[in-house]
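Throughout, read-outs are computed from the coordinates displayed, never taken from laboratory work. Just so you know, these numbers come straight off a predicted model, no measurement behind them. Positions of Cβ are backbone-derived with ideal geometry, glycine not excepted, and every protein chain shown enters the neighbour counts.
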Amino acid sequence: MPALSWSEGGRAASAPAGPPRTDGRIVLPRRLRRPARFLHRLVSGDLELPRHASLAASTALIAGFSLYGAVLGGHMPGVVSAVTARAGLAVEEVRIKGQVETSEIDVLERLGLDGWTSMIGLDATEARKAIATLPWVESVEVRKVYPGEIEVALVEKTPFAIWQNGGELSLIEEDGSRIAKLRGARRAALPLVVGSGANRLARDIVAMVSAHPALAARVKGYVWVGERRWDLKLDNGVTVKLPEEGAARAIDEIARLDAGRGLLSRDVLAIDMRIGDRLVVQLTPEAKERREAALEAAEKARKAKKRI
């Protein structure tokens with residue numbers, strides 16, 4: 001089989017197969033002969049290119065450089081989003097469910113929609129992470145429903161109590177985590193805990209008092225005093241001062257005394273239970289005057305009886 005070689009004049013010539021030539025000509029391997037012929041015809045002008053070939057080549061070259069620049073500059077997702085949006089895959093509708101406290105506007109802002117956002121260009125995982133940063137959101141799912149709908153399903157946090165820290169009122173979860181500032185009176189029926197650190201211990205004190213429904217119905221505030229112990233503020237202004245240790249036992253005792261003697265309904269300002277073996281009652285000024293008058297009358301009666 002003759003082999004193709006290049007002559008000094010640049011023309012292709014046949015050469016017998018075998019060892020390399022010694023006359024200055026190079027014998028090309030079989031797999032390179034066809035590309036060599038094409039290249040030779042293109043360089044010599046013997047090859048006629050199709051019409052608009054140069055335009056197509058230029059367009060391909062520009063497109064290639066543009067694509068390379070988009071990838072290198074990190075703009076490829078935006079390019080894909082723009083192209084697919086204009087091709088009929090733009091986000092046309094967003095359905096949000098499960099929100100009560102969460103604003104729909106806040107959810108849409110986290111999705112980052114700009115009117116040309118495409119279904120393909122929207123990253124559902126990143127959208128979920130962004131929405132999860134909203135204060136009321138416990139968990140969230142973001143799902144694409146082609147051709148143009150986004151579904152957002154929220155589960156919101158459950159407020160357990162109102163926490164007053166200084167002059168600020170906040171809603172907190174059962175574990176004491178802060179949710180958001182209290183706005184309006186819609187959550188006013190929740191337990192109120194007051195003081196620095198009261199949010200972390202709210203669950204325990206509320207549970208102790210809730211074991212006595214009649215007492216719990218009268219408690220309007222739980223005040224954490226000195227970061228050591230609790231005061232109970234009742235609806236009639238009475239303060240029950242609980243001990244630093246044994247608070248549950250003190251609550252059981254005060255609930256028993258109220259059920260049997262109506263202690264919490266009397267004219268008292270405070271009931272101090274910090275002394276382990278006794279209970280100290282502080283009367284209101286009016287009750288104190290009545291008590292002193294009664295004692296004075298009793299003393300006069302005793303002296304009069306003694307004279308007789």
Classify segment 161-288 as rounded, prolate or oblate, taking a ≥ b ≥ c as the square roots of the eigenvalues of its Cα gyration tensor: rounded when a/c is under 1.5, otherwise prolate if a/b is larger than b/c and oblate if not.
prolate
With the cut-off at 24 Å, tell me which of the pairs Lys129/Lys157; Lys220/Lys241; Lys144/Lys181 have Cα atoms farther apart than that.
Lys144/Lys181
Rounded to the nearest 0.05, what FRET efficiency do Tyr146 and Ala180 have when you use their Cβ-Cβ distance and R0 = 45 Å?
0.80
Provide the packing ranking of 195-206, 235-246, i.e. peptides ordered by the mean count of other C-beta atoms within 10 Å per residue, highest first.
195-206, 235-246
